[in-house]
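Below: one structure, written as structure tokens.
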Amino acid sequence: MGLFVKATGKLCHTWSMSVRNWYENFDDEDGRLGGFSMEWLRSTELIQRVLPAPPARVADIAGGPGRYSAWLAGLGYQVDLLDLVPDHVEQARRRASAQGVAVECVVGDARALPWADETFDVVLLMGALYHLQDRADRLACLAEARRVLKPGGALVTSHVTRWDSLFDWYRFDSGADAEFRHIVDVDLATGCHENPSNNPNWFTTAYFHTPDEIRDEVTSSGLIDVQVLAVEGFTHLIEPPEGSRKGDGLKTLLADLRTIEAEPALLGMSAHLMSLSRKAPVVIRKITVAEVPEMRAVQARSWLATYPNPEHGVSLEWVQETTNQFSSAESLSEWAEIVKTAETDPGQFSRVAEVDSRIVGLLHAETQADGTIELKAIYVDPPWVSKGVGTALMQAFDEWAGETPVRLDVAVYNQRAIDFYRRHGFESVAGSERIELDVIPVIDMIRPRRRKFE
């Protein structure tokens with residue numbers, strides 16, 4: 001089987017030591033990726049397709065003993081490596097030192113990265129997803145990778161194909177081994193690979209992806225322009241002849257692998273699959289009158305996802321009835337006038353967030369007679385919540401608002417929004433709870449005078 005990198009999931013207490021044992025006692029990354037390694041040749045080729053010019057910053061998450069990190073540092077990139085296994089981190093440090101390159105190495109969990117938002121130009125997940133059998137853990141890992149990516153930055157993920165153990169069954173003539181056959185059957189049915197007898201030839205706890213699963217998980221995490229490509233392709237099953245391992249023969253072989261790397265009918269024969277994608281930049285801009293219906297649709301979806309709360313007397317039926325009015329001619333006309341006024345009135349601020357030419361959020365604020373600002377509306381389309389849209393809107397708003405005090409109201413049970421506003425300097429106003437629209441309980445929050453660029 002191929003290279004896998006450790007990460008713990010919800011079953012960590014039962015299998016994490018097995019994974020660690022594999023990497024500390026059986027895995028030989030240098031042996032596998034050294035010498036003639038199609039996995040290494042093709043992986044580095046695909047990674048280079050998305051690399052900006054050095055010295056861009058790259059995160060190698062679950063980077064193991066640091067082969068990819070040292071290679072990238074040698075090309076002039078600023079590289080940070082994170083791995084769950086302390087021995088790997090120490091090996092990566094020694095490798096970087098021996099090669100005379102700088103790599104920042106830390107122990108950590110791929111699902112809870114230690115870095116700030118929008119830190120890296122490129123993020124590599126060259127194995128972190130191998131051992132997360134629970135989809136929720138894989139999505140958490142991808143969400144963290146997206147979080148630390150800069151807008152427009154590239155994500156590279158590596159995966160083992162669903163059919164890898166089936167191919168090994170025949171490649172290594174395992175026909176008489178009933179235990180391994182059971183492992184193969186479970187792999188094919190679920191993707192969850194286990195090695196209960198700890199046979200060093202049968203790998204360790206892992207998850208084997210189908211191409212469609214890879215595309216779905218990466219896309220669901222808010223990445224765009226997703227490509228799923230074969231790494232080794234048919235060379236995983238057919239040993240290249242000596243003449244194809246160097247010179248013109250190797251050039252021809254690599255060219256042929258490029259030709260079929262995205263062919264859906266052939267993806268599954270590769271031991272490893274790689275996805276290339278990017279984090280769409282969030283564009284904050286003024287809204288046009290023609291876009292008011294789209295903006296109101298975003299607001300309606302946000303209401304439906306946020307406000308129904310039977311415990312506080314806010315029924316789904318009431319929210320549905322209310323949001324149905326958002327698309328009425330009267331409502332659209334009212335908002336069209338708001339947009340027109342904001343275009344010329346410096347005391348109003350009305351913006352939308354756009355990702356990949358689609359409106360995914362909106363913000364509207366107005367200066368009051370007392371000189372303070374009221375933040376009247378900020379909504380994010382539910383699929384884009386916690387993906388940087390609200391933060392981008394608030395950053396643009398902060399530049400406009402400067403030092404001026406700001407106030408707003410928020411549903412008392414919308415804890416996600418309350419926490420968001422607190423992160424942006426707002427405080428709840430004691431005793432301000434009241435009912436809005438005859439139904440929704442709200443509280444006021446204020447942000448006192450602040451430095452413009454704090």
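The values are calculated or read from the model by the stated rules, or taken from the named source; none is laboratory data. Remember, predicted model here, so these are calculated numbers, not experimental data. Here the Cβ is made from the backbone with ideal geometry for all residues, glycine too, and neighbour counts use every protein chain on show.
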Item to complete: Within segment 67-88, work out how many residues are more than 17 Å from THR119 (Cβ to Cβ) and either buried (at least 24 other Cβ atoms within 10 Å of the Cβ) or hydrophobic (A, V, I, L, M, F, W, C) (or both).
Response: 8
Item to complete: Test ARG245 against the stated conditions and say whether it is touching a residue at least 60 places away in the same chain (Cβ under 8 Å) and surrounded by fewer than 16 Cβ atoms within 10 Å (Cβ to Cβ).
Response: yes
Practice prompt. Answer yes or no as to whether TRP335 is crowded, with 17+ Cβ neighbours inside 10 Å and either assigned by TED's automatic domain parsing to the domain that holds LEU375 or over 25 Å from LYS387 (Cβ atoms) (or both).
Written response: yes
Response to the item:
Only one of VAL292, VAL360, VAL283, VAL352 is within 34 Å of the chain's Cα centre (by Cα), in a helix (DSSP H, G or I) and β-branched (Val, Ile, Thr), namely VAL292
Worksheet item: From the set of residues in segment 169-185 that are surrounded by fewer than 18 Cβ atoms within 10 Å (Cβ to Cβ) and in contact with a Ser or Thr (Cβ under 9 Å, 6 or more places away or on another chain), which is nearest to ASP212 (Cα to Cα)?
Response: ARG181
Worksheet, complete the sentence: Reported set for segment 282-308 where residues are within 12 Å of LEU332 (Cβ to Cβ), in contact with a strand residue (DSSP E or B) (Cβ under 8 Å, 6 or more places away or on another chain) and without any contact (Cβ under 8 Å) to a residue 12 or more places away in the chain is none
Discussion item. Any residue in segment 387-410 that is β-branched (Val, Ile, Thr) sitting within a Cβ distance under 6 Å of a residue that is assigned to a helix (DSSP H, G or I)? List the pairs, counting only those 6 or more apart or interchain.
Written reply: VAL410/ALA417; VAL410/ILE418
Worksheet, complete the sentence: With criteria (1) touching a Ser or Thr at 6+ places or on another chain (Cβ under 9 Å); (2) in a loop (DSSP other than H, G, I, E, B); (3) not β-branched (Val, Ile, Thr), SER432 comes up short on (1)
Practice prompt. Can you give me the number of residues within segment 268-280 that are part of a strand (DSSP E or B) and of a type in the set (S, T, N, Q)?
Written response: 2
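Can you pull out every residue in segment 373-403 that is assigned to a loop (DSSP other than H, G, I, E, B) and buried (at least 16 other Cβ atoms within 10 Å of the Cβ)?
Within segment 373-403, ASP381, VAL385, LYS387, GLY388 qualify.
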Worksheet item: Quick one: which of SER37, SER43, SER97 is in the same structural domain as LEU229 (by TED's automatic domain parsing), crowded, with 18+ Cβ neighbours inside 10 Å and of a type in the set (S, T, N, Q)?
Response: SER43
